[in-house]
Amino acid sequence: MFDTAFQLLMQNEGGYVDDPSDNGGETKFGISKAAYPKLDIKKLTQEQAKAIYEKDYWLHYQCDKMPWPVAWTFFDCIVNHNPIEATRWLQRALAVTADGILGPKTLAAIQAAKEPLNVARDITLARRDYVEGLHNYDRFKAGWNRRHLDTLIGAVQWESQN
């Protein structure tokens, strides 16, 4: 599943960018200088980015233990936003305590979810509400809205193929 998630992620993450309106600062393949201050962002390869995403995001946040729609949507959220906030969106979608900690109760609720696509939808709605309140929303809204829809489409397409 991770390889598919990474492939989909790369459809929304591009090459080197250093946009002063982006809180992440220097960014390449979605890996930001803000998150990885010791990393030479300009020289980052896609394979290095893939290794970072697998270890620090996919596995660290236990996406490998989630059904695809939830795993993919949550993964894209933790990559693109604050992981604690993304975890709260997930928890609210599951109707569990939204403390921002991905623990055994949240994981159990994910496994018990009867409609993982509905969880993915609810995460996406929370994500949309969040970005609409950001100071740089007007600058990035078109790209963010497209990304949110692309992520939800990816969740639906993969689910319907399996």
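The values are calculated or read from the model by the stated rules, or taken from the named source; none is laboratory data. For clarity, every value in this text was computed on a predicted model and none was experimentally measured. All Cβ positions, glycine included, derive from the backbone under ideal geometry; neighbour counts span all protein chains shown. For accessibility, only protein heavy atoms count, side chains too; no ligands or nucleic acids. Shrake-Rupley method; radii C 1.70, N 1.55, O 1.52, S 1.80 Å.
Every residue, every condition in (1) crowded, with 16+ Cβ neighbours inside 10 Å; (2) at positive phi; (3) free of Cβ contacts under 8 Å to residues at least 24 places away in the same chain; (4) assigned to a helix (DSSP H, G or I), yes or no:
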site: Asp3; (1), (2), (3), (4): no, no, yes, yes
site: Leu8; (1), (2), (3), (4): yes, no, no, yes
site: Gly14; (1), (2), (3), (4): no, no, yes, no
site: Pro37; (1), (2), (3), (4): no, no, yes, no
site: Lys42; (1), (2), (3), (4): no, no, no, yes
site: Glu47; (1), (2), (3), (4): no, no, yes, yes
site: Tyr53; (1), (2), (3), (4): yes, no, no, yes
site: Trp72; (1), (2), (3), (4): yes, no, no, yes
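When Ile101, Ile84 are checked against the criterion of being assigned to a helix (DSSP H, G or I) and among the hydrophobic types (A, V, I, L, M, F, W, C), Ile84 stands alone in meeting it. In the set (1) within 21 Å of Ile84 (Cβ to Cβ); (2) at pLDDT 95 or above, the condition left unmet by Asn118 is number (1).
Residue check: is Trp144 at pLDDT below 90 and assigned to a helix (DSSP H, G or I)? In short, yes.
Does Asp122 fit the bill of being in a helix (DSSP H, G or I) and not basic (Lys, Arg)? Judged against the criteria, Asp122 is a match. In segment 17-33 there is no residue that is among the basic types (Lys, Arg) and under 23 Å from Lys65 (Cβ atoms). Among the residues of segment 112-136, those identified as closer than 23 Å to Leu8 by Cα and open to solvent by 30 Å² or more (accessible area, probe 1.4 Å) are Glu115, Leu117, Asn118, Arg121, Asp122, Leu125, Arg128, Asp129, Tyr130.
For segment 86-99, state whether one or more residues are in contact (Cβ under 8 Å) with a residue 12 or more places away in the chain, surrounded by 12 or more Cβ atoms within 10 Å (Cβ to Cβ) and touching a Pro at 6+ places or on another chain (Cβ under 6 Å). No, segment 86-99 contains no residue that is in contact (Cβ under 8 Å) with a residue 12 or more places away in the chain, surrounded by 12 or more Cβ atoms within 10 Å (Cβ to Cβ) and touching a Pro at 6+ places or on another chain (Cβ under 6 Å).
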